[in-house]
Amino acid sequence: MRCSVHFLLATLCAVSLHGEDWSAFRGPFGNGIATAKNVPVEWSSEKNVAWKIDLPGASNGSPIVSGGNVFVVSAENDGHQRHLHCYSAMDGANKWVRTVNFDKTMPTHKTNLYGGTTPAADGQRVVVWHGSAGLFCYDLEGNEQWNRQFGEFRHQWGYGTSPVLRDGKVILHSGPGQKVFVAGLDLKSGDTIWKTDEPVEHDGERNDANQYMGSWSTPVVATVDGKTLVVCSMATRVNAYDFLTGDIVWSCEGLRGERGDLAYASPVIADDICVAMGGFKGPSIGFHMTGRGDITKNRLWRDDKNLPQRIGSGVVVDGLIYMANAGANTIECIDPATGTAKWQHRSAGGAHWGSMTYADGRLYTTDQNGTTFVLRPSPERFEQIAANPLNEPGNSTPAFADGAVFVRTFAHLFCIRQDNSKS
């Protein structure tokens with residue numbers, strides 16, 4: 001329980017700093033849990049839509065909310081123009097857009113659209129990762145503070161990790177491709193504080209067995225036994241980096257699969273157990289986060305039998321993981337100590353590429369058809385409260401702030417608020 005106590009204290013501190021902001025991928029704490037209250041339960045393309053705006057170009061990146069602003073990334077012209085948009089959270093007014101021009105056409109998978117990252121903000125600055133086009137930091141008025149160029153990140157399936165902000169640092173997982181690293185940068189200056197390379201096999205696209213490899217996992221910051229760690233699923237293993245120095249404190253093997261070495265989802269932390277899930281129907285593992293060096297011996301379980309396709313990340317509620325999957329379109333409740341599903345439900349909608357979230361006592365997950373399912377967390381059974389269709393495809397995760405839900409489809413950004421004038 002030491003991990004959960006420290007995590008709770010960190011969460012309470014973050015709440016005081018950020019209010020109800022949803023300031024990064026999977027929220028201000030990177031765990032998919034929102035602090036927002038009075039969040040809408042039901043909506044449609046007409047009902048409870050406070051505002052809706054057009055977005056240029058289809059992209060997979062999710063919106064965030066910070067300081068009354070909604071930030072979202074998009075791209076045009078085969079990634080030659082990569083945008084960061086800033087809109088008013090209140091009325092959707094276009095405050096500014098900053099565009100980075102990039103003269104090369106980088107490879108990507110047709111489903112991994114350019115502009116597939118989520119920005120991160122701290123109430124004063126917003127940071128966006130454009131992959132080969134660089135890492136950029138702006139103030140909330142859109143003035144560039146700094147940028148960093150790390151070279152090309154070339155992979156046949158493209159890029160897709162998102163930056164994490166914590167205690168004056170930017171945590172960035174780069175790659176995939178031949179050059180893969182996790183780095184800690186100074187948020188004010190962009191200077192590198194630490195940078196730790198991850199070894200890759202062959203050309204970084206395929207391993208030595210000529211199977212696919214790569215990680216698109218966004219790191220999670222957690223405090224374990226008084227030490228702040230950056231936990232990230234890499235292609236073959238899970239690493240924990242010292243937040244201050246970047247040294248690898250421990251690593252746990254087990255993500256190498258029969259179809260390749262791939263990771264899409266972020267690690268999920270339940271007390272002192274870390275659960276990591278491989279991509280492309282790869283294996284999943286659960287282990288205790290104790291010790292140093294190779295802690296593969298701490299594995300509680302490893303499951304590689306007929307797994308679903310997992311792209312989005314799960315959320316922990318009352319010690320259980322709730323997960324929405326891409327392959328087989330299933331929603332499930334998993335015991336992190338054993339890896340067994342307490343229940344599994346075949347979704348009536350499309351596949352789920354976005355991550356499961358928890359807000360105001362309810363679970364929210366949006367499928368590729370643009371329908372957000374609202375669920376009651378239950379260890380016994382699947383309990384659906386509402387199904388909210390926008391009738392527009394998308395792959396993103398909703399954001400929650402100030403009693404509103406912000407949903408990004410391929411074509412639009414929606415703000416959903418309860419319309420009390422008709423009640």
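The values are calculated or read from the model by the stated rules, or taken from the named source; none is laboratory data. Keep in mind the model is a prediction, meaning the values are calculated, not measured. No Cβ is skipped: glycine too gets one built from the backbone with ideal geometry, and neighbour counts run over all protein chains shown.
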> From the set of residues in segment 245-257 that are in contact with a Gly (Cβ under 8 Å, 6 or more places away or on another chain) and assigned to a loop (DSSP other than H, G, I, E, B), which is surrounded by the most Cβ atoms within 10 Å (Cβ to Cβ)?
Replying inline: LEU255
> Which of the residues spanning segment 74-84 are out of contact with any strand residue (DSSP E or B) (no Cβ under 6 Å at 6 or more places or on another chain) and not acidic (Asp, Glu)?
Replying inline: ASN77, GLY79, HIS80
>> I'd like to verify a number: residues in segment 81-94 that are in a strand (DSSP E or B) and either of a type in the set (S, T, N, Q) or surrounded by fewer than 16 Cβ atoms within 10 Å (Cβ to Cβ) (or both), how many?
In response: 3
>> Taking the conditions exactly as written (crowded, with 23+ Cβ neighbours inside 10 Å and under 22 Å from SER396 (Cα atoms)), does GLY286 satisfy them or not?
In response: no
> Among the candidates ARG346, ARG376, which residue alone is out of contact with any Ser or Thr (no Cβ under 6 Å at 6 or more places or on another chain) and among the basic types (Lys, Arg)?
Replying inline: ARG376
>> Looking at segment 25-58 only, could you name the residues that are hydrophobic (A, V, I, L, M, F, W, C), closer than 27 Å to GLY314 by Cα and not in a strand (DSSP E or B)?
In response: PHE25, PHE29, ALA34, ALA36, VAL39, VAL41, TRP43, ALA58
> Among the numbered criteria (1) surrounded by 14 or more Cβ atoms within 10 Å (Cβ to Cβ); (2) of a type in the set (Val, Ile, Thr); (3) part of a loop (DSSP other than H, G, I, E, B), which single criterion is violated by THR105?
Replying inline: (1)
> Applying the selection to segment 125-149, what residues are without any contact (Cβ under 8 Å) to a residue 40 or more places away in the chain and surrounded by fewer than 16 Cβ atoms within 10 Å (Cβ to Cβ)?
Replying inline: ASP139, ASN143, GLN149
>> Just checking, does segment 47-54 include any residue being surrounded by 17 or more Cβ atoms within 10 Å (Cβ to Cβ), closer than 24 Å to ALA411 by Cβ and at pLDDT below 95?
In response: no
> Within segment 180-198, is even one residue crowded, with 20+ Cβ neighbours inside 10 Å and of a type in the set (D, E, K, R)?
Replying inline: yes
> Which condition does PRO336 not pass, out of (1) in a loop (DSSP other than H, G, I, E, B); (2) farther than 26 Å from GLY57 by Cα; (3) more than 21 Å from the chain's Cα centre (by Cα), if it passes all the others?
Replying inline: (3)
> Scanning segment 186-213 for residues that are part of a loop (DSSP other than H, G, I, E, B) and polar (S, T, N, Q), which turns out nearest to HIS109 (Cα to Cα)?
Replying inline: GLN211
> Among the listed residues HIS130, HIS85, which satisfies the condition of being at pLDDT 95 or above, farther than 30 Å from PHE280 by Cα and of a type outside the set (D, E, K, R)?
Replying inline: HIS85
> So, in segment 208-219, of the ones that are in contact (Cβ under 8 Å) with a residue 12 or more places away in the chain and surrounded by fewer than 24 Cβ atoms within 10 Å (Cβ to Cβ), which residue ends up nearest to GLY27 (Cα to Cα)?
Replying inline: TYR212
